[in-house]
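These notes are about the structure you will find just below.
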């Protein structure tokens, strides 16, 4: 039967055997293969030092059992990860844990799927206000606390929901997380987080030259339009900041596009230069704007008539605010405000004026126009926020996602700013002329705004994690270059009071583990099974006497030769 | 504690083979060589089956049950039977009784099967953190396979080595041998075609292996040549005892192996039969 093989076939078989043996060696060498029950993308809480004091979550690696909020009271949680979905989160509970420095192995907060910018963008949300407030409070608490264990955010999906339901069931039965079934272990195998060595801020400026006739000896006056593009939030890998300040960037790009259309024809080119600035370092007291302004030539700085800073103009209904630092009686401020309110009346919306004095000795810079004002340049910030934000607030947090931004609001904002600018440039103040009328070739393009808003809402933009040649920054530069005459990129180091640490996202492996008692029990069962099997076989084949004699003394065989 | 789990599953999978060898008279008659030879024959058979499967079988996209493919697999499965025939008849064994020969061959066969099919998944899978019942079920399946292999070897030795069998029993023997030989196809049909869960399949295998073992034991006993210690002793035995003391005659019959250079007592019946 086995002799009908050809010698070639035999060699083939040997070769296949060799490959099988080689594969076997590889398999033996693989010590651990990933075979988790579930693997989820998780995003870490920010870790930073401010003036030397540590804030945020100080650890990244995780290797503990999981428990839900229904854990039996009095149990030690220092080697347990608490998994809390957002709708069950009690902010006082978390605050108590953090403030009283209670030991915890780790914290995993499950965010609703609707906030996931990768997938859940189209789902309806009915509890918007409650969730927004809860998230804002949670972020504020976590960002300003020192937390000596890893804190991660994840999005709810079917896998993790079943795991959570299982964990809750076991906790309610009073079984700790080390039972035979339903004991889950969360493992995140990352290295220790390291400091970001040289965090860079990249400022992009675009220059649109005005029409210089031969008679003009001096430099033309300049109007600056500025928006900061970077964000900061509790989870830096999720800080897309659609409203703060994605709306501002999109508005700036659209204004640049409209004015580039006007300025492309020398007949319609205005007698003002336009300076567009996309600055970084916004959440950190507008550090980038300061460095950008400091790098200006004195003459250029003096030639700036005024600057308009755009900050969060994406989700307002009927009222916008103009924040200034010079007193409202100032002639320039009056001029700006009147120009804007005239156009606002025509567009059927309101603008209000808010004045906040600058305190030179206080390093806190709450609005971007304050950096201009500190260098004696007239500036104002247009924003939907009426209250001055605190440090590291309203800078693109967990709640700031695409579906809560209204593109119509941005369109109206663009119209407002562009019209008032154009009337100032071309000297049509007070006249009822619509330069950027709808249905004209200079109409505001909602599709452009929408597409850029979509891109921005999928790009987290925390400045220390954007490298010098980050593709998004290059894309912004390229886009601006398409509209203006000249683009400059300035790289600065984010120094000062902030230090950041890396490791912003990871992959969580969820294993279902059995306890040591289960293994011991199994060993006991198997041992008794083998003993029973042994006795059974001895009894049936050799007889009961043999079994007994095994235990009495060594069996003596009496040989009798025939 | 995952090496612990691996150790547990390993002793469940391979322990019964060692226990079987040491508990039964196999260890006393030193039949290890037979088992090793049977294991090598199994290895050869597995390679031949692999080549045939690779040549004739098409890889199907879905995991469903394709009757034509399963029929082909069953036919190739009969190469197993051929291998068993080779191991039982063609290998030269030292003079061990037929009773022990089939046990040793079946044991070696089942041990090689377990090692080849279950050791690698065990090593790779059971040491991970994740706990599944799969490896324990696999160990139980190895136990069922041991029983099935020994039954198949018993039936095989009945078919090929026992020359004079009662006529009525022959079709039953062949039928049982056929059922046991096609067990792999039956289990794969249950798993793929009917979609049974692995634990149900293992339970079914254990049950059928015990049933088939019982049936083949009865058949084997029915075909055994009776032995008397003396022409006039009414006590009939089907075993080949070692150091047997005839209860009636109170004489001592001793069997001495040929291999040790001694001869059989002259009035004893032919053992090998």
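The values are calculated or read from the model by the stated rules, or taken from the named source; none is laboratory data. Note that the structure is predicted; figures quoted are calculated from it, not measured. Every residue, glycine as well, gets a Cβ built from its backbone with ideal geometry; the counts of neighbours run over all protein chains shown.
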### Message
What are the pairs with Cβ atoms under 7 angstrom where one residue, in the range A:525-553, is free of Cβ contacts under 8 Å to residues at least 40 places away in the same chain and the other, located anywhere, is outside any helix (DSSP H, G or I)? Sequence gap at least six, or different chains.
### Response
A:537/B:24; A:541/B:24; A:541/B:25; A:542/B:25; A:549/A:555
### Task
For residue B:159, state whether it is within 22 Å of the chain's Cα centre (by Cα), surrounded by fewer than 22 Cβ atoms within 10 Å (Cβ to Cβ), in a helix (DSSP H, G or I) and more than 14 Å from chain A (Cβ to nearest Cβ).
yes
### Task
Looking only at the range A:17-35, decide whether some residue is surrounded by 12 or more Cβ atoms within 10 Å (Cβ to Cβ), under 21 Å from residue A:162 (Cα atoms) and either within 14 Å of chain B (Cβ to nearest Cβ) or modelled with pLDDT of 85 or more (or both).
yes
### Query
What strands (runs of 3 or more DSSP E), lying completely within the range A:48-128, carry at least 3 residues that are under 29 Å from residue A:464 (Cα atoms) and touching a helix residue (DSSP H, G or I) at 6+ places or on another chain (Cβ under 7 Å)?
A:106-111
#### Entry: Residues of the range A:508-524 classified as without any contact (Cβ under 8 Å) to a residue 60 or more places away in the chain and more than 7 Å from chain B (Cβ to nearest Cβ), total
3
### Message
Anything in the range A:71-88 that is within 22 Å of residue A:156 (Cβ to Cβ) and surrounded by fewer than 17 Cβ atoms within 10 Å (Cβ to Cβ)? List them, or say none.
### Response
A:87, A:88
### Query
So residue A:481 clears everything in (1) in a helix (DSSP H, G or I); (2) in contact (Cβ under 8 Å) with a residue 24 or more places away in the chain; (3) surrounded by fewer than 18 Cβ atoms within 10 Å (Cβ to Cβ); (4) in contact with a helix residue (DSSP H, G or I) (Cβ under 8 Å, 6 or more places away or on another chain) except one condition, right? Which one?
(4)
#### Entry: Filtered residues of the range A:444-465 (kept if assigned to a loop (DSSP other than H, G, I, E, B) and without any contact (Cβ under 8 Å) to a residue 60 or more places away in the chain)
none
### Summary
residue B:65 fails exactly one of (1) modelled with pLDDT of 80 or more; (2) farther than 30 Å from residue B:160 by Cβ; (3) more than 14 Å from chain A (Cβ to nearest Cβ), namely (1)
### Summary
Exactly one of A:266, A:236 is at negative phi, within 36 Å of the chain's Cα centre (by Cα) and touching a residue at least 24 places away in the same chain (Cβ under 8 Å), and that residue is A:236
### Query
Of (1) loosely packed, with under 14 Cβ neighbours inside 10 Å; (2) more than 26 Å from residue B:76 (Cβ to Cβ), residue B:169 satisfies all except one. Which?
(1)
### Task
Could you figure out which of (1) surrounded by fewer than 23 Cβ atoms within 10 Å (Cβ to Cβ); (2) modelled with pLDDT of 90 or more; (3) out of contact with any helix residue (DSSP H, G or I) (no Cβ under 7 Å at 6 or more places or on another chain); (4) assigned to a loop (DSSP other than H, G, I, E, B) isn't true of residue A:367?
(1)
### Message
Please go through the range B:1-34 and give me each residue that is within 24 Å of residue B:84 (Cβ to Cβ), facing chain A (nearest Cβ under 7 Å) and in a helix (DSSP H, G or I), ordered by number.
### Response
B:15, B:16, B:19, B:20, B:23
